[in-house]
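Enquirer: Quick one: this structure, given as structure tokens, is what I'll be asking you about.
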Amino acid sequence: MLTALLSDIHGNLEALNACLGHASGRGAKRFAFLGDFVGYGADARAVVDTVARYAAEGAVVLKGNHDEAIEQGGGYFNEASRASLEWARETLTGDQKAFLTALPLIIREGDVCYVHASAVAPHRWDYIDSPAAAKRCADAAGTSYAFCGHVHDQVLYFENAKGRMSEFRPFPGTAIPVRSHRRWVAIVGSVGQPRDRNPAAAYALFDLGGQRLTFFRVPYDATAAADKIRRCGLPGSLAYRVEMGI
Amino acid sequence: MRTATPGPMSTMREELRSGGVIGGYHLGQCIHQGGTGSIYRASAPADNDPGFPIVLKAPYLGRGESAIGIIGLEMEQMILARLDGAHVPHFVAAGDVRASPYVVMEWIDGESLAKTMTHAPLAPEEVARIGAALADAIHSIHCQDVIHLDIKPENFLLRPTGEAVLLDFGFARHARYPDLLAEEKEFAAGSAAYVSPEQLQHDRSDPRSDLFALGVLLYELATGAQPFGQPETLTGMRDRLWRRPAPPRALNLDVPPWLQEIVLRCLEPAADARYQSAAHIAFDLRHPEQVALSGRASETQPLGVMAQAGRWWRQRRRDVALAPSTRSAGGRVPVIMVAVDTEHPDDDRHPALQAATRQLVSLYPELRLMCISVVRAAPLGEGSDELDTRTGRHLEHKMRLRHWVEPLGFPPSRVSLHVIEGANAGGTLLDLARANHVDLIVLGAPGASERALAWWRSVASNVTANARCSVHVVRVPERRTEMEPDSA
């Protein structure tokens, strides 16, 4: 069965819809949303509604640090993202905030672990930015597969014969054999705010039975998403980042 | 899901024998016992018959065995399953790496190159014929994003048809898959006699490593000796980072200069100084008369101590200056074929074709340009004039071809000129393109002589429709005066 892995949507409805359509067209039957539904983008409400609808149908949904900041207030966000979180806090309904508050930080299902940041201490929001950090995450997850977001670039870490992790930059569209006797930590990339100078939305498809993982980049109407950010009075830098993929 | 299979390892070892059954496959005769595993003829379950003979390959297992056998099998399962074509065995099935590691593939009817090698030195024509077949096989996997990294006689089979088949992808690397061997430094190098300088420096990402190993094979076929011997230590192997081996002609004077040129170019320590594509090696081996000879081509003595010391010193400096970033472009190094009509040297399409060729070749830092002229066969028994004889006509057209390509300012090592007689220009171009791994054909749109014909009968349309590569059709823009009157 194919599972779509989507993370860091950040209020970008156009990007989310493009990825959901892309995944369904390729036969995805399950969906896992790895957190950060709000912040940066202009469609916090519509994105949370979409995710809640999938959750009702059995999708995996996790909390990200931006989602947590809606209830707790954000300490270490920069000015633009603080402004966008403030705006989201005012925009979201009580039900929507309650939905975000109730989300879990980590879910293990059989041989798969889903988490927004790292399985080591999900509430600390550590970045998996090195093979050593990936190794700690895999150890804490205790599963063959750990699927994460938080870092916006797509990376696949894999265990070598000595039990250490190596880093691999995946090629979009190539199905990578990921045999379960090794441990794998996949950073699936950001749907709503990619930062590698390519504005196309990022997500991944996991085939548990076939033990294959495919990373994708999906082009979408980034200009429309950026225009919405400008129209609702959020900092222009956020619109620019979406358009440019930075 | 982790599936606990009780005692899979012990079961596996018992079954790995003639008469045993693994994954439903009945094992027949053992045809190979290597350092890390063995290969058996096998028969498939009736409901799963691939329709051709097969073998099953399994690594040795257990505490005493090196992990390389099992990782190698995992790599082979991943990579062989993605490879196509006549130069690799068809992949059939694979067993779970943990519970029952094996891979089932097509059995190839052929003779091992190791056996051929026992007859070396071979005649130069034979070296060229076999070498071109080996280069074809390497080119075929390189085009599929795979580097073999363990090219040696034992890993080539030669089919009765002359085609070469590459075996054992346990050390191989697929450019779009994680490299499970990347950090296994003690395993990452291939076999001592054939391993490339890059692999000795722990770089497994350069396709030109396979071209170095091919150079060792060519050397061995031509002389019966290995250029760097069989060093047993890493220091011994690192010699090849700078040392130029004795020229083949120092060991066997029958080796012609063109073959020596090809072999020594393959064996350059710096990958940038080697051939950049296996297709170019195949081309040179098939067209000895087109090989541009440098000074090393006719040497018959090994380099003196001072010259070798100079190479050692330059290699040290290269290491410092270039570190790991000079990796091959990875992009394709194309063979481009341009069809030139030398029977009509005044045709107004020539400047346009030259301009287009100049533009296209400027896109690549390295390439091979084949200039072809297909001329009509000389009428039999006509005239005694030099120009009318077959050789005379051939020479005349070759001169026109050289005159055509000269303004492009290419070094002779990158250009080859071919005048071919044939009534069917399109078919001739297509055959040549196929035989020489051509990536792009450049030719003119139908000219005055063809304009009366329907487009589909022209050479350009035939080539465009039937080529296996890209085709660039060059048209001379119509002059304004010829435009429809009411469009002004």
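Enquirer: Within the set of pairs 6+ apart or on separate chains, which have a first residue in segment B:351-377 that is surrounded by fewer than 16 Cβ atoms within 10 Å (Cβ to Cβ), a second that is of a type in the set (D, E, K, R), and C-beta atoms under 6 Å apart?
Expert: Listed by first residue and then by second, the contacts come to B:A377/B:E421.
Enquirer: Which ones in segment B:404-420 are touching a Ser or Thr at 6+ places or on another chain (Cβ under 9 Å), at pLDDT 90 or above and either farther than 27 Å from B:S277 by Cα or among the aliphatic types (A, V, I, L, M) (or both)?
Expert: B:V405, B:L417, B:V419, B:I420
Enquirer: Kindly provide the set of residues from segment B:97-151 that are more than 25 Å from B:R41 (Cα to Cα), within 14 Å of chain A (Cβ to nearest Cβ) and either surrounded by fewer than 18 Cβ atoms within 10 Å (Cβ to Cβ) or more than 19 Å from the chain's Cα centre (by Cα) (or both), ordered by number.
Expert: Within segment B:97-151, B:Q144 is the sole residue that qualifies.
Enquirer: So if I check each of A:D207, A:D196, which one is acidic (D, E) and at pLDDT 95 or above?
Expert: Going through A:D207, A:D196 in turn, the sole match is A:D207.
Enquirer: If you take the residues of segment A:164-175 that are within 7 Å of chain B (Cβ to nearest Cβ) and surrounded by 16 or more Cβ atoms within 10 Å (Cβ to Cβ), which of them is farthest from A:P219 (Cα to Cα)?
Expert: Looking at the filtered set, the residue picked out is A:S166.
Enquirer: State the number of residues belonging to segment B:281-296 that are more than 26 Å from B:A137 (Cα to Cα) and in contact (Cβ under 8 Å) with a residue 24 or more places away in the chain.
Expert: 2
Enquirer: Does B:A94 satisfy the condition of being away from every other protein chain (no Cβ under 14 Å) and buried (at least 17 other Cβ atoms within 10 Å of the Cβ)?
Expert: Criteria not met by B:A94.
Enquirer: If you don't mind, another one. Testing B:V291 on (1) surrounded by fewer than 16 Cβ atoms within 10 Å (Cβ to Cβ); (2) modelled with pLDDT of 90 or more, one condition comes back false. Which one is that?
Expert: Against the list (1) surrounded by fewer than 16 Cβ atoms within 10 Å (Cβ to Cβ); (2) modelled with pLDDT of 90 or more, B:V291 comes up short only on (1).
Enquirer: Is it the case that segment B:87-94 has a residue that's assigned to a loop (DSSP other than H, G, I, E, B), modelled with pLDDT of 95 or more, β-branched (V, I, T) and in the same structural domain as B:F283 (by TED's automatic domain parsing)?
Expert: No: zero hits.
Enquirer: Under the condition of being surrounded by 12 or more Cβ atoms within 10 Å (Cβ to Cβ) and at pLDDT 90 or above, which residue from segment B:46-57 is farthest from the other protein chains (Cβ to nearest Cβ)?
Expert: Top of the filtered list is B:P53.
Enquirer: Hey, can you tell me all the residues within segment A:136-173 that are charged (D, E, K, R) and either in contact (Cβ under 8 Å) with a residue 60 or more places away in the chain or touching a Ser or Thr at 6+ places or on another chain (Cβ under 6 Å) (or both)?
Expert: none
Enquirer: Might you let me know whether segment B:47-68 holds any residue that is closer than 24 Å to B:R17 by Cα and in the same structural domain as B:V195 (by TED's automatic domain parsing)?
Expert: No, segment B:47-68 contains no residue that is closer than 24 Å to B:R17 by Cα and in the same structural domain as B:V195 (by TED's automatic domain parsing).
Enquirer: Follow-up question, since we're still on this one. Determine which member of the set B:R13, B:R17, B:R41 is modelled with pLDDT under 90, under 24 Å from B:I71 (Cα atoms) and in contact with a Cys (Cβ under 9 Å, 6 or more places away or on another chain).
Expert: Step by step, each of B:R13, B:R17, B:R41 is checked, and only B:R17 is modelled with pLDDT under 90, under 24 Å from B:I71 (Cα atoms) and in contact with a Cys (Cβ under 9 Å, 6 or more places away or on another chain).
Enquirer: Being modelled with pLDDT under 85 and among the aliphatic types (A, V, I, L, M): is that true of B:L453 here?
Expert: Criteria met by B:L453.
Enquirer: Taking the options B:N466, B:N424, B:N436, name whichever one is at pLDDT below 90, in contact with a helix residue (DSSP H, G or I) (Cβ under 9 Å, 6 or more places away or on another chain) and not hydroxyl-bearing (S, T, Y).
Expert: Step by step, each of B:N466, B:N424, B:N436 is checked, and only B:N424 is at pLDDT below 90, in contact with a helix residue (DSSP H, G or I) (Cβ under 9 Å, 6 or more places away or on another chain) and not hydroxyl-bearing (S, T, Y).
Enquirer: A further question on this structure: Among the listed residues A:K162, A:K135, which satisfies the condition of being touching a strand residue (DSSP E or B) at 6+ places or on another chain (Cβ under 7 Å) and of a type in the set (K, R)?
Expert: Of the residues listed, the single one that is touching a strand residue (DSSP E or B) at 6+ places or on another chain (Cβ under 7 Å) and of a type in the set (K, R) is A:K135.
Enquirer: Residues B:R244, B:R240, B:R249: which one is closer than 17 Å to B:A123 by Cα, assigned by TED's automatic domain parsing to the domain that holds B:A120 and among the basic types (K, R)?
Expert: Result: B:R249 is the single residue among B:R244, B:R240, B:R249 that is closer than 17 Å to B:A123 by Cα, assigned by TED's automatic domain parsing to the domain that holds B:A120 and among the basic types (K, R).
Enquirer: Just to be sure I understand the filter: pairs with C-beta atoms under 7 Å, separated by 6 or more residues or on different chains, first member in segment A:210-235 and part of a helix (DSSP H, G or I), second member polar (S, T, N, Q). Which pairs pass?
Expert: A:A225/A:N12
Enquirer: Another question, then. Taking segment A:90-122 on its own, how many of its residues are part of a strand (DSSP E or B) and touching a residue at least 40 places away in the same chain (Cβ under 8 Å)?
Expert: Total meeting the criteria: 6.
Enquirer: While we're on this one: Which one is surrounded by the fewest Cβ atoms within 10 Å (Cβ to Cβ), of the residues in segment A:176-187 that are more than 7 Å from chain B (Cβ to nearest Cβ) and over 25 Å from A:R197 (Cβ atoms)?
Expert: A:R182
Enquirer: Sort through B:G224, B:G215 and tell me the only one that's away from chain A (no Cβ under 13 Å), within 16 Å of B:L113 (Cβ to Cβ) and surrounded by fewer than 24 Cβ atoms within 10 Å (Cβ to Cβ).
Expert: It is B:G224.
Enquirer: Hey, another quick one. Taking the residues in segment A:26-65 that are more than 24 Å from A:L205 (Cβ to Cβ) and within 12 Å of the chain's Cα centre (by Cα) as candidates, determine which candidate is surrounded by the most Cβ atoms within 10 Å (Cβ to Cβ).
Expert: A:V38
Enquirer: Moving on. Could you tell me whether B:R176 is modelled with pLDDT of 90 or more, within 14 Å of another protein chain (Cβ to nearest Cβ), out of contact with any Cys (no Cβ under 7 Å at 6 or more places or on another chain) and more than 21 Å from B:L134 (Cα to Cα)?
Expert: For B:R176, the condition - modelled with pLDDT of 90 or more, within 14 Å of another protein chain (Cβ to nearest Cβ), out of contact with any Cys (no Cβ under 7 Å at 6 or more places or on another chain) and more than 21 Å from B:L134 (Cα to Cα) - is met.
Enquirer: Return the residue satisfying two criteria in turn: it lies in segment A:145-163 and is assigned to a loop (DSSP other than H, G, I, E, B) and charged (D, E, K, R), and of such residues it is nearest to the other protein chains (Cβ to nearest Cβ).
Expert: Going through the qualifying residues, I end up with A:K162.
Enquirer: Given the criterion more than 25 Å from B:K398 (Cβ to Cβ), modelled with pLDDT of 80 or more and assigned to a helix (DSSP H, G or I), identify the matching residue among B:D319, B:D272.
Expert: So the residue among B:D319, B:D272 that is more than 25 Å from B:K398 (Cβ to Cβ), modelled with pLDDT of 80 or more and assigned to a helix (DSSP H, G or I) is B:D272.
The values are calculated or read from the model by the stated rules, or taken from the named source; none is laboratory data. If you're wondering where the values come from, they're calculated on a predicted model, not measured in any experiment. Here the Cβ is made from the backbone with ideal geometry for all residues, glycine too, and neighbour counts use every protein chain on show.
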